[in-house]
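Peer 1: The structure follows.
The values are calculated or read from the model by the stated rules, or taken from the named source; none is laboratory data. These numbers were taken from a predicted model, which means no experiment stands behind them. We place every Cβ from the backbone using ideal geometry, glycine too, and count neighbours over all the protein chains shown. To get the accessible areas, we keep the full protein, side chains included, count just its heavy atoms, and leave off ligands, DNA and RNA. Shrake-Rupley method; radii C 1.70, N 1.55, O 1.52, S 1.80 Å.
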Amino acid sequence: MDTEVAWVLSGAAGLVLGAAITFIWRFDERRREEPEVVEAPLVPSGAEAVLRVLSSSAVIVDVDDRVDHASAPAVALGIVRDGHLHPEELLALVRQVRRDGQIRDADVEVPIRRSAPLQVHVRIAPLTSRLVLVLAEDRTAAQRLDMIRRDFVANVSHELKTPIGAIKLLAEAVAEATDDPEAVAHFSARMSDEADRLTRLVQQIIDLSRLQADTLSEDAVTMKVGELVAEACEHSLTEAEAKQIDLRSTVDGDLYVLGDRAQLHAAVSNLVENAVTYSPEESRVAVTAKRVDDDVKITVSDNGVGIPASELERIFERFYRVDPARARSTGGTGLGLSIVKHVAASNGGSVEVWSEPGLGSTFTLVLPAFDPEVDEEK
Ligand code: ADP
């Protein structure tokens with residue numbers, strides 16, 4: 001009997017122990033299966049859809065300064081690197097917003113490789129108690145344009161003041177020389193020159209602002225390159241004859257370009273006019289046009305004063321003159337080549353220059369060739 005009781009007791013003890021082991025094992029397994037409960041940073045529902053629609057770059061930063069969400073433009077802009085906000089200045093702003101809950105606007109410089117930093121405007125706001133939203137907008141191009149515009153206005157005022165001042169002085173000189181007919185004739189002739197200079201300057205300023213307003217010309221028509229070249233030579237013929245300059249043109253075959261008539265006329269005329277202006281008496285100016293692959297190349301060559309290599313990059317800038325003192329006698333405004341450059345760009349082309357001081361210069365206007373039969377069918 002005793003042995004029986006002992007058997008039963010040991011059996012029961014075994015059962016209890018087995019049950020306990022199973023329970024502990026199961027419990028442990030369940031614990032292993034259940035994911036750790038971590039408070040995930042929750043972007044409010046609908047927020048992501050809204051962010052996708054916004055034109056600004058959007059970044060959501062979590063409580064540990066990690067980027068929780070970044071739109072593709074934000075990454076392209078360079079404000080997210082390796083899962084963190086960049087630069088440090090931006091991160092500091094996010095921390096301030098997280099601390100006091102105040103919405104902040106700021107302009108931040110974002111350094112990028114191999115170029116000037118980007119000017120980025122940011123708006124930073126708390127999204128939830130744990131998340132901060134950064135909206136960023138690249139203002140680099142807009143700020144550059146603004147600066148160019150401000151520069152342009154300052155330059156224009158300065159350039160206009162010079163001939164106006166001269167006209168005023170000459171008018172006073174005429175008034176004082178009433179009993180000297182020769183002096184009156186001399187001063188009024190100079191007054192007329194200054195008035196011409198002013199007219200030319202105003203016209204070029206208008207041309208240039210029109211060109212800058214539209215990036216691609218809308219009034220494109222088919223134009224015979226031969227006519228364009230002939231008109232440009234005609235425009236400078238009187239001045240060329242006065243200096244006994246041999247002005248010649250050769251156009252290879254029937255070449256056509258598609259573009260704005262007035263703009264292209266202004267561009268080619270400016271190049272020919274410069275060649276004549278900056279050439280000595282009895283020299284030669286050659287204008288040629290030929291087809292090279294898909295382009296038409298209009299080349300204007302002279303044997304004039306030439307341009308030093310150090311100045312070649314700058315001559316296409318507005319109001320830039322290699323020799324400002326000389327410009328007074330040539331009547332140059334410094335706007336001609338910047339008009340040529342803009343016209344080329346607006347009509348899908350470019351302008352190239354070769355020059356050697358003392359030898360001469362060659363300007364080449366490159367425009368896409370137009371084949372009336374092939375291109376018009378497209
Ligand atoms: P400008 O009205 O003074 O001619 P442009 O913009 O046409 O202004 O030219 C800028 C400068 O480039 C000129 O002042 C001149 O010094 C130089 N330049 C332009 N074309 C020639 C040329 N064919 N030969 C020598 N210098 C030139």
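Peer 1: Search region 41-57 for residues that are over 16 Å from Ala125 (Cα atoms) and pair each with any residue that is among the small types (Gly, Ala, Ser) and modelled with pLDDT of 80 or more when their beta-carbon atoms are under 9 Å apart and the residues are at least 6 apart or on different chains.
Peer 2: Close Cβ pairs satisfying both conditions: Arg52/Ala58; Arg52/Ser71.
Peer 1: Something else now. Is at least one residue of region 165-179 more than 28 Å from Gly332 (Cα to Cα) and not in a loop (DSSP other than H, G, I, E, B)?
Peer 2: Yes, region 165-179 contains a residue that is more than 28 Å from Gly332 (Cα to Cα) and not in a loop (DSSP other than H, G, I, E, B).
Peer 1: Follow-up. Within region 107-121, can you find the residues that are part of a loop (DSSP other than H, G, I, E, B) and either touching a Ser or Thr at 6+ places or on another chain (Cβ under 8 Å) or surrounded by 10 or more Cβ atoms within 10 Å (Cβ to Cβ) (or both)? Explain how you work it out, then say what you get.
Peer 2: Kept after step one, since they are part of a loop (DSSP other than H, G, I, E, B), are these residues of region 107-121: 111-117.
Pro111, Ile112, Ala116, Pro117, listed by residue number.
Peer 1: Another question, then. Of all residues in region 55-71, how many are open to solvent by less than 60 Å² (accessible area, probe 1.4 Å) and of a type outside the set (Val, Ile, Thr)?
Peer 2: 8
Peer 1: Mind listing whichever residues of region 265-277 are open to solvent by 10 Å² or more (accessible area, probe 1.4 Å) and under 18 Å from His342 (Cα atoms)?
Peer 2: Of all residues in region 265-277, those open to solvent by 10 Å² or more (accessible area, probe 1.4 Å) come to 265-266, 270, 273-274, 277.
Scanning region 265-277 gives His265, Ala266, Asn270, Glu273, Asn274.
Peer 1: Select, from Gln102, Gln96, the only residue that is at pLDDT 95 or above, closer than 18 Å to Arg123 by Cα and open to solvent by 100 Å² or more (accessible area, probe 1.4 Å).
Peer 2: Numbers: Gln96 fails: open to solvent by 100 Å² or more (accessible area, probe 1.4 Å).
Residue meeting the stated conditions: Gln102.
Peer 1: Just one of the numbered conditions (1) within 30 Å of the chain's Cα centre (by Cα); (2) within 9 Å of the ligand (Cβ to nearest atom); (3) crowded, with 19+ Cβ neighbours inside 10 Å is not true of Gly304; which one?
Peer 2: (1)
Peer 1: Return a yes/no flag: does region 318-334 have any residue that is charged (D, E, K, R) and buried (at least 21 other Cβ atoms within 10 Å of the Cβ).
Peer 2: Step one: of region 318-334, the residues charged (D, E, K, R) are 318, 321, 323, 326, 328.
Those still in the list that are buried (at least 21 other Cβ atoms within 10 Å of the Cβ) too: 318.
Taking every residue of region 318-334 in turn, at least one turns out to be charged (D, E, K, R) and buried (at least 21 other Cβ atoms within 10 Å of the Cβ).
Peer 1: Can you name the residue in region 272-297 that is more than 16 Å from the ligand (Cβ to nearest atom) and not in a strand (DSSP E or B) and, of all such residues, is modelled with the highest pLDDT? Spell out the reasoning first.
Peer 2: Here is the first cut: in region 272-297, the residues more than 16 Å from the ligand (Cβ to nearest atom) are 282, 289-297.
Keeping just the survivors that are not in a strand (DSSP E or B) gives 282, 293-294.
On the way: Glu282: 97, Asp293: 94, Asp294: 93.
In this case the residue turns out to be Glu282.
Peer 1: Select the helices (runs of 4 or more DSSP H) contained entirely in region 41-106, then report the ones holding at least 3 residues which are closer than 15 Å to Leu131 by Cβ. Working first, answer last.
Peer 2: Values: elements: 47-53, 72-77, 88-100.
Correct list: 47-53, 88-100.
Peer 1: Just give me the residues in region 278-301 being surrounded by 13 or more Cβ atoms within 10 Å (Cβ to Cβ) and on the phi > 0 side of the Ramachandran plot, in sequence order.
Peer 2: none
Peer 1: Follow-up question, since we're still on this one. Determine whether region 237-251 contains at least one residue that is assigned to a helix (DSSP H, G or I) and open to solvent by less than 50 Å² (accessible area, probe 1.4 Å). I'd like the intermediate steps shown before the answer.
Peer 2: Our first condition is that a residue be assigned to a helix (DSSP H, G or I); within region 237-251, this holds for 237-242.
Right, trim to open to solvent by less than 50 Å² (accessible area, probe 1.4 Å) and you get 240.
The answer is yes; a qualifying residue exists.
Peer 1: For region 123-135, state whether one or more residues are closer than 22 Å to Glu48 by Cβ, modelled with pLDDT under 95 and in contact with an Asp or Glu (Cβ under 7 Å, 6 or more places away or on another chain).
Peer 2: Taking every residue of region 123-135 in turn, at least one turns out to be closer than 22 Å to Glu48 by Cβ, modelled with pLDDT under 95 and in contact with an Asp or Glu (Cβ under 7 Å, 6 or more places away or on another chain).
Peer 1: Under 9 Å by Cβ, and 6 or more places apart or on different chains, what pairs join a residue from region 319-335 that is of a type in the set (D, E, K, R) and modelled with pLDDT of 85 or more with one that is within 6 Å of the ligand (Cβ to nearest atom) and part of a loop (DSSP other than H, G, I, E, B)?
Peer 2: Listed by first residue and then by second, the contacts come to Arg321/Ile315; Arg321/Gly332; Arg321/Thr333; Arg321/Gly334.
Peer 1: Still on this model: Of the residues that sit in region 308-317 and are open to solvent by 20 Å² or more (accessible area, probe 1.4 Å) and within 11 Å of the ligand (Cβ to nearest atom), which one is nearest to Tyr256 (Cα to Cα)?
Peer 2: Phe316
Peer 1: Ala142: of a type outside the set (S, T, N, Q), closer than 30 Å to Ile206 by Cβ, surrounded by fewer than 18 Cβ atoms within 10 Å (Cβ to Cβ) and free of Cβ contacts under 8 Å to residues at least 24 places away in the same chain, yes or no? If you could, list the steps in order and put the result at the bottom.
Peer 2: Details: of a type outside the set (S, T, N, Q): yes; closer than 30 Å to Ile206 by Cβ: yes; surrounded by fewer than 18 Cβ atoms within 10 Å (Cβ to Cβ): yes; free of Cβ contacts under 8 Å to residues at least 24 places away in the same chain: yes.
So Ala142 fits the description; yes.
Peer 1: When both residues are 6+ apart or on different chains and their Cβ atoms are under 7 Å apart, which pairs have a first residue that lies in region 91-105 and is under 15 Å from Val59 (Cβ atoms) and of a type in the set (Lys, Arg), and a second that is part of a strand (DSSP E or B) and open to solvent by less than 70 Å² (accessible area, probe 1.4 Å)?
Peer 2: Correct list of pairs: Arg98/Pro126; Arg98/Val132; Arg104/Ile124.
Peer 1: Residues in region 122-146 that are out of contact with any Pro (no Cβ under 9 Å at 6 or more places or on another chain) and part of a strand (DSSP E or B): how many?
Peer 2: Residues in region 122-146 being out of contact with any Pro (no Cβ under 9 Å at 6 or more places or on another chain) and part of a strand (DSSP E or B): 8 in total.
Peer 1: Further question on the same structure: Collect the residues in region 349-367 that are in contact with a Leu (Cβ under 7 Å, 6 or more places away or on another chain) and away from the ligand (no atom under 16 Å from the Cβ), keeping them in residue-number order. If you could, list the steps in order and put the result at the bottom.
Peer 2: Residues of region 349-367 that are in contact with a Leu (Cβ under 7 Å, 6 or more places away or on another chain), as a first pass: 349, 351, 353, 355, 363, 365.
Within region 349-367, just Gly349 meets the criteria.
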